[in-house]
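Working notes, structure below.
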Amino acid sequence: MKFLAEIHFSKKHYILLGMVLAAFVGWRVVSVLKPPATEERIIPVVRTVAVGETTADGTAVYPGEVRGKYESNLAFQAGGKIVTRSVNLGDTVRAGQVLMEIDPKDIRQSYDADQAAYQAALSNYNLARDNYARYSKLYEQNAVSAMVRDQYKTQLDAADATLRSAQAKWNVSQNQMGYTQLVSDHDGTVASISAEIGQVVGAGTPVVTIVQDGSREIQIFVPENRLGQIKTGQAATITFWALNNIKASGHISEIAPMADSVTRTYKVKVAVDSMPEQAKLGMTAKVALHTGTEQMIVIPASAIYQTNDQAQVWVVRDGKTVLVNVVTAGYEGSGVRIAGGLSSGDVVVTGGVNKLSEGLEVRLESSDKK
């Protein structure tokens, strides 16, 4: 009986164990069939700045150089090999002083030939003149006919024309002989020399620059986007770096009508009202041009998103990002000046601009902190 009781007890355990297993399997089936919970959508947070107009001082500073108001770029009027140089950089010269000479051998040969041709033409003219005078007297005495006299008159006219032609050629040769010497056209200072003894130069090639005695000025170069902010007569403040920042007042005297072909900047000359005596040619100067105050939009440089040659920014509108083309106008401190494309009140993304896409829903950093 005891053995049967133990067997009966084991069967109960088996039944209970089966019920537990069935319940566990049923729970797993329900868990598998139950739909998963919806994942929470993540909206990125962006750092932004609200665009506003800033009042800024319109003073612009340009590097410049002390130059003579009048400069002469001297060149030989005839080509040849330079055989003498009589001046050095910084020398003071006078009007008519010989600066350089070229080898006159070839020009002298032409000069001698033209002189000989002139002498021959002069002799023929004198002979034709004497013959005409002689036969004119014979004609008056009825010793020769009018036809003979007219023949000698024609010879005289031809000899006269030949003489005048030879005289003109000889004058040209005389001028060419003078062109072998390069002379200063004004009193001044030698500012540059671009040719040396032994160098062959062509006619019209500048070799010496003379700064004429007189007033000095400052030469600066203004970019094309700032050209509209300056005008002739505009006041300027000049600072000389080498003279312990001595200041002088001046004004714009001349603005080049065409940009430099290489730098695409415009040459501007600034007249100095009272140039310091210590200021030497070629010294460095800073020219400050005050254009008053102006309203401008300035955004952080990190907000610029460059696509090829087009500057762009990401603007948040109705909670989504929009890519907007902008026109930049240079730097203002650590920011970028915007000349077009944005309006006051626009919200511009200033961080992580390379990770954004058009129409992306975002949250503003300021609103997220709240």
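The values are calculated or read from the model by the stated rules, or taken from the named source; none is laboratory data. It should be emphasised that the depicted structure is a prediction, and the values quoted were computed from it without experimental measurement. Positions of Cβ are generated from backbone atoms using ideal geometry, with glycine treated the same way; all protein chains shown enter the neighbour counts. Keep in mind that these areas ignore ligands, DNA and RNA; they rest on the heavy atoms of the full protein, side chains included. Shrake-Rupley method; radii C 1.70, N 1.55, O 1.52, S 1.80 Å.
Here are the numbers for the structure shown:
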| quantity | calculated |
| --- | --- |
| Difference of contour (0.36 nm per residue) and Cα-Cα distance, residue 88 to residue 115 | 6.1 nm |
| Efficiency of FRET between residue 320 and residue 226 - r from beta-carbon atoms, R0 35 angstrom, step 0.05 | 0.40 |
| Full-stretch length increase - residue 290, residue 69 - with 0.36 nm per residue and alpha-carbon distance subtracted | 77.3 nm |
| Residue 232 accessible area, 1.4 Å probe, all protein chains in place, Å² to nearest 10 | 90 |
| Rounded percent of accessible protein surface that carbon and sulfur make up, region 50-145, 1.4 Å probe | 44 |
| Label-zone membership for region 125-139, site residue 148, 7 angstrom Cα→C-beta point, backbone N under 13 Å | 132, 134-139 |
| Region 165-277: projected area of the alpha-carbon convex hull, averaged over directions, in nm² | 11.8 |
| For region 129-193: accessible area per residue (Å², 1.4 Å) | 62 |
| Gained length - residue 354 relative to residue 306, 0.36 nm times residue gap less alpha-carbon distance | 16.3 nm |
| Accessible area (Å², 1.4 Å probe, nearest 10) - residue 332 | 70 |
| Rounded percent of accessible protein surface that carbon and sulfur make up, region 213-293, 1.4 Å probe | 50 |
| For residue 217, solvent-accessible area (1.4 Å; no DNA, RNA or ligand), Å² | 10 |
| 20 °C / 1.002 mPa s Stokes-Einstein diffusion coefficient of region 77-142, Kirkwood radius on C-alpha pairs, µm²/s | 129 |
